[in-house]
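Data first, discussion second: the structure below is written as structure tokens.
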Amino acid sequence: MKHPWKAIINLTVIVGALGYFVDIFDLILFPIVRTASLSDLGVAPDRILPTFVYLFNFQMIGMLVGGVLWGVLGDKKGRMSVLFGSITLYSLANIANAFVTTIPAYAAMRFLAGLGLSGELGAAITLVSEVLPKEVRSYGTAVVASLGITGALVADLVGNKLGWRGAFITGGVMGLMLLVLRIKVTDSGMFKQLAHQNVAKGDFRMLFTNRARFVRYLRAILIGVPIWYVVAILVASSPELSRSLGVVGAVNPGHAIASCYLGLAVGDLGSGFISQWIASRKKTVLLFQALTLVTVLITLFSRGVSAQTYYLLCVALGFSAGYWAVFVTIASEQFGTNMRATVTVTVPNFVRGAVVPITTSFLALKAHWGIVHSALFIGLCCLAFAALSLWGMEETHAKDLDFLEVD
């Protein structure tokens, strides 16, 4: 294509990117304000981390449940119905979160926010993948992911300047404002054609009634798990991990998360472009998984570095795990139009939902092995499963997406 940017920069891509920006702002805001908010609600200092994990798991469970609900709705009623519904729910939940006074209320709002957050990215990637020409598809999804991820940087700024209650209100208001832009975005031609065909749409059970299809689905999930291992274990636990590593100076969790997401933004843009240049989704993911292994080992074997160096390690961790755009695009390209939204919405949310067993195992092992060795063991397991899942997957670069899933 002679002028690919003319095809890439359109309202669908821009709205998808801004939606993901607000999505990430909310998703990362909670870890950033965890200490301030929980201390304000009367949680003792030695209970901050366990309480944070408890609430974070509520958010992830919400995303897991919402992923299925929004995914099925996206294939039955349209990608735009998901975009409108999901952003409305998490925006209102954010605003309500600013007024909680108890931990149970906090947990309920994180669950509802997670329920809403679960639909945005998958619906946006599905829509962008179906709207853009196949020759530039990975460019478009890379723009959505990389621009969206910068929401973490803004979350760090807002969370530290406005206080935790003001930050949650800001996130909710930004989401509601975005609804105005989405009025002009419509569903793809592929989906509109699907509405007139007599074929099962958004039937979640179809993913489990065919062995080959189920294996395809499971592989799509497992290749993304290392990304959230990096975020949920190595970065979200940075205050405790940095102390065990003997880092000189206090590590601010918000700055660590922002540093990681700066790396993720660059990595997502880079992985999308690399995928296009080398014409291979699989080789790109393999490259970034190898980089993740290297940076995890460097981080966990570093001792006595400065806080500034630790933030640079967080940037490196984020960059190496920055294949989220390619990973979600692979999921979208693996399945037919009548199942595409179901898969593309549920896959990233099952990856996020994997945080629950990952963090639970991490806390259980931490009591016996210590935080560093526990983090290393879990990381090696996640990367091993991801590499095995990548092996044997179909290469989907420039694949024609106008096909259906049938039994």
In terms of the charge dipole of the chain, which places +1 on Lys and Arg and -1 on Asp and Glu at the beta carbon, the residue among PHE56, LEU18, VAL305 farthest towards the positive end is LEU18
For segment 59-181, one quarter of the surface area of the C-alpha convex hull, expressed in nm², comes to 7.9
So the angle from the long Cα axis of helix 307-320 to the longest Cα principal axis of the chain, reported in degrees to the nearest 10, equals 20
Relative to the chain, whose Cα atoms define the longest principal axis, helix 11-32 and its Cα axis are tilted in degrees, nearest 10, by 20
Rounded to the nearest 10, the angle in degrees between the Cα long axis of helix 355-369 and the longest principal axis of the Cα atoms of the chain comes to 30
For the chain, the per residue accessible area (1.4 Å probe, Å²) is 37
Per the helix-only model, the chain has a calculated mean residue ellipticity at 222 nm (DSSP H runs of ≥4, -39500 (n - 2.57) each, divided over all residues, rounded to the nearest 500) of -24500 deg cm²/dmol
Sorted list, accessible surface of protein heavy atoms, 1.4 Å probe, largest first, for VAL68, VAL100 is VAL68, VAL100
1/(1 + (r/R0)^6) with r = Cβ-Cβ of VAL406 and LEU218, R0 = 22 Å, i.e. FRET efficiency to nearest 0.05, evaluates to 0.65
Once normalised by the length of the chain, the mean sequence separation of its alpha carbon contacts under 8 Å that are 6 or more apart gives a contact order in percent of 25
Using a 1.4 Å probe on heavy atoms of the protein chains only, the accessible area for LEU181 in Å², nearest 10, reads 70
Of every hundred units of 1.4 Å-probe accessible area on the chain, the number belonging to carbon and sulfur atoms, as a percent, is 70
The size of the Cβ-based charge dipole (Lys, Arg +1; Asp, Glu -1) of the chain about the Cα centre, to the nearest 20 debye, is 160
Accessible-area order for HIS368, HIS255, largest to smallest, probe 1.4 angstrom, reads HIS368, HIS255
From the Cα centre of segment 111-166 to that of segment 76-104, the distance in Å is 15
Quick calc, ARG211 & VAL65: beta-carbon distance into FRET formula, R0 25 Å, rounding 0.05, result 0.45
Each label sits 7 Å from Cα toward the beta-carbon; between SER306 and ASP40 the label points are separated, in nm, by 3.3
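The values are calculated or read from the model by the stated rules, or taken from the named source; none is laboratory data. All of these numbers come straight from a predicted model, not from anything done at the bench. A quick note on method: Cβ atoms are made from the backbone with ideal geometry, for glycine too, and the neighbour counts reach across all protein chains shown. Accessible surface areas use protein heavy atoms only, side chains included; no ligands, DNA or RNA. Shrake-Rupley method; radii C 1.70, N 1.55, O 1.52, S 1.80 Å.
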